[in-house]
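For reference, the structure is listed below as structure tokens.
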Amino acid sequence: MNDAVSIAENVLSGKVSAVDITQAALTRIAARNEELNCFTNITAETALQDAARIDKQIAEGKNPGILAGVPFAVKNLFDIAGLTTLAGAKINAENPTATQDATAITKLKQAGAVLIGALNMDEYAYGFVTENAHYGATHNPHDLNRVAGGSSGGSAAAVAAGLVPFSLGSDTNGSIRVPAALCGVFGFKPTYGRLSRAGVKLFSSSLDHIGHFANSVRDIATIFDVLQGEDEKDPICTKRPIEKSLPQINDYISNIKIAIADDYFTQNAEPAALAAVQKVAEALNVTEYITIPEAKIARAAAFIITACEGANLHLDKLKTRPQDFDFATRDRFLAGALIPNHWYIQAQRFRSWYRDKVREIFKNVDIIIAPTTPIPAPLIGQKTMILNNKEILVRPHLGLFTQPLSFIGLPVLSVPVNQENSLPLGIQLIAAPYNEVLILQVAAVLEKQGISCINLIG
């Protein structure tokens, strides 16, 4: 039982106990985490207590929720009551423990899910590789010599390795979608502000989203439905009514207009990444191409905004404790602190213009297909890669195709594409704000056709 909904159905029916499911997950983690390095904390005692409470509720004829007994874990920038929230940083290890769970965790627990631990990440979520100088690199379950992607690398790898059926992550410039693609799982970033960020350590407030990883479209939709809803603790969280996506997913997509992103999104990608897009397009009978204007400039503007907002958030510690940062993170923050104010202002002006231009596209198209990453997972420690006959840095460029989309808060799902005898790759399904249901409907068709196929490890 690798998918969350099936686990919950079996727990609710009494075929298996929540305690047994939780203990099995803890056993898998004990067996594999040393080589994968997904977890920074394992909350075994409280997890077993929560599981026992769920079993008691079921024995009393009560319904603990749609995710009853399902183990999950979260990126270590989500507050977990009783643990110190690391956000991948050595400095944060000195902070007091959190007094309450992040809102997203609370919602999942209310639905019966069992929190089992916190997951590794790039320091302060600034990276695409999860090669953390303090807590070690997370290894890709498909090839332990390769990165899991980042910054939510531990979250993606834990799901891909079958340690937990789903996990939470965050996405600023691609930090859910990049590791989802490299580890071969679904990674969902809903519309900016759709899900509460309360109790989550922010990186770049105007770009940060939360989202999740799972093994099936049904799980992605179910978890999305649980996480929706306004939250007075998060002023960014939308007051939009909850829209249950799961009941709306079906096989009927003939009325959904789909196009392939060209120009920027067909440049600087290995043939395998473009082949994955083409495979999906053929399965959906899509032949139309569209151009997202100035995507390259959008990525540059996203870099500026990210660097400025991130540096400002950590400026005091950059001045007083520079030696305690991961050097790669520190240097990028320092560069951000030196960016002139007028660059940031101009980047925000461009952002407004770009948002309007992309909205125009969605008047004629419902879903856009694009590659998630330009290459499969690079080796751990690999500094450069060759794209379009040019040698470029790995760390910043794994987000080539994700940054122009999160920049304006669009909902995006990275869908794993089944390619035999090769490392995983993903494609992005992109929609206009609040059109998550359309994305999930198209993904469900790809899943049914076997185009998107999870290849769990272990």
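Centre-to-centre, using Cα atoms only, region 158-220 and region 41-59 are separated by 24 Å.
Three semi-axes describe the equivalent ellipsoid of region 145-192; taken as square roots of 5 times the Cα gyration tensor eigenvalues and ordered largest first, they are 16, 12, 8 Å. Taking 0.36 nm per residue of separation and subtracting the current Cα-Cα distance, fully stretching the chain between D143 and A337 would add 66.2 nm.
Compactness check for the chain: Cα Rg over 2.2 N^0.38 Å is 0.91. Sorted from greatest to least, the principal axis extents spanned by the alpha carbons of region 258-449 come out as 56, 39, 30 Å. Within a straight-line Cα-Cα reach of under 17 Å, K296 can be paired with the following lysines, leaving aside sequence neighbours fewer than 8 residues apart in one chain: K357, K390.
When Rg and the Kirkwood Rh are both derived from Cα coordinates, the Rg/Rh ratio for region 4-227 amounts to 0.95.
A helix-only calculation puts the chain at -11500 deg cm²/dmol for mean residue ellipticity at 222 nm, using -39500 (n - 2.57) for each DSSP H run of at least four residues, averaged over all residues.
Could you grab the relative contact order for region 258-449? Cα pairs under 8 Å, six or more apart, rounded to a whole percent.
Numbers: 261 pairs, mean separation 53.9, N = 192.
So the answer I get is 28 percent.
Quick check for region 4-227: number of Lys pairs with alpha-carbon distance under 19 Å, counting only pairs 8 or more apart or on different chains? Taking region 4-227 as the scope, the lysine pair count is 14.
Since every read-out is calculated from the coordinates, none of them should be taken as a lab result. Quick caveat: nothing in here was measured; it's all calculated off a predicted structure.
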